[in-house]
């Protein structure tokens, strides 16, 4: 029979279309189809497929939840997520739960079949569009982590501002320009720039936006 395949998708046309394509191959056979996540889990237990194609959005139980349950009971089953461009929020979650790859719903016949074979052979299938979104999401997470680490470091160091620096910092946080700060504190604009430069130096930042973020989160008035 070759590779036994199970297709889980709540859209009949998608299920039957994939079945038709896969059954044309001599080394593949669709042994069952499922219309929701719970159905996919039960039929995976019953038919013991080598490959499960899982849609993300399904009633009763989505693809990620099904992935987790199937991998828990049958860890060697190759699971490929059927995805579209709009489902990037699931990419990292699927990867962290052992998915073997992703298949784009609009990929052509040859790509689909070769991707299934490659995944069964142990290759993690990540189409370029998915890889790009994954990279962007990871970059965003790294930015958040970097911010948290920097903030924690600053708090640990106990950054101390002079009385005048605290006054300037307060006005920077309120969104006042250098000119307005100078008028408010009755000092020159050049002096304000010097104080702001010193604040940047103590915070380890180079721009006003990041300084405001840190100043809002630090107890800089102490």
In region 7-26, anything more than 12 Å from residue 82 (Cβ to Cβ) and touching a strand residue (DSSP E or B) at 6+ places or on another chain (Cβ under 6 Å) is listed as 19, 22, 23
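Between 55, 36, 50, which is within 29 Å of the chain's Cα centre (by Cα), closer than 24 Å to residue 93 by Cα and at pLDDT 95 or above? If you could, list the steps in order and put the result at the bottom.
Numbers: 55 fails: at pLDDT 95 or above; 36 fails: at pLDDT 95 or above.
Just one listed residue meets the conditions, 50.
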Restricting attention to region 14-33, the residues that are farther than 15 Å from residue 114 by Cα, over 31 Å from the mean Cα position of the chain (by Cα) and not in a strand (DSSP E or B) number exactly 1
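Does residue 7 fit the bill of being assigned to a helix (DSSP H, G or I) and within 20 Å of residue 124 (Cα to Cα)?
On the way: assigned to a helix (DSSP H, G or I): no; within 20 Å of residue 124 (Cα to Cα): yes.
No, not satisfied.
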If we keep only residues of region 184-202 that are in a helix (DSSP H, G or I) and out of contact with any helix residue (DSSP H, G or I) (no Cβ under 9 Å at 6 or more places or on another chain), then the residue surrounded by the most Cβ atoms within 10 Å (Cβ to Cβ) is 194
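Step by step: first the residues of region 1-13, then only those that are closer than 16 Å to residue 116 by Cβ and exposed (fewer than 14 other Cβ atoms within 10 Å of the Cβ), then the one that is nearest to the chain's Cα centre (by Cα). Which residue is that? So that I can check it myself, show each step before the final result.
Residues of region 1-13 closer than 16 Å to residue 116 by Cβ: 1-9.
Applying the additional criterion that residues be exposed (fewer than 14 other Cβ atoms within 10 Å of the Cβ) yields 1-2.
On the way: 1: 37, 2: 35 Å.
Here the residue is 2.
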Got at least one residue in region 36-48 being assigned by TED's automatic domain parsing to the domain that holds residue 71, in contact with a strand residue (DSSP E or B) (Cβ under 6 Å, 6 or more places away or on another chain), crowded, with 20+ Cβ neighbours inside 10 Å and over 12 Å from residue 66 (Cα atoms)? no
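Looking only at region 40-58, count every residue that is closer than 15 Å to residue 73 by Cα and outside any strand (DSSP E or B) and tell me the total. Before the answer, list the steps.
Here is the first cut: in region 40-58, the ones closer than 15 Å to residue 73 by Cα are 40-52.
Cutting the leftovers down to outside any strand (DSSP E or B) gives us 40-50.
Of the residues in region 40-58, 11 are closer than 15 Å to residue 73 by Cα and outside any strand (DSSP E or B).
Among helices (runs of 4 or more DSSP H) lying entirely in region 59-174, which contain 2 or more residues that are modelled with pLDDT of 85 or more and buried (at least 17 other Cβ atoms within 10 Å of the Cβ)? Explain how you work it out, then say what you get.
Working: elements: 63-73, 91-96, 109-120, 128-157, 163-173.
The helices (runs of 4 or more DSSP H) meeting that bar are 63-73, 109-120, 163-173.
The values are calculated or read from the model by the stated rules, or taken from the named source; none is laboratory data. Since this is a predicted model, take the numbers as computed values, not measurements. Backbone-built Cβ (ideal geometry, glycine too); neighbour counts: all protein chains shown.
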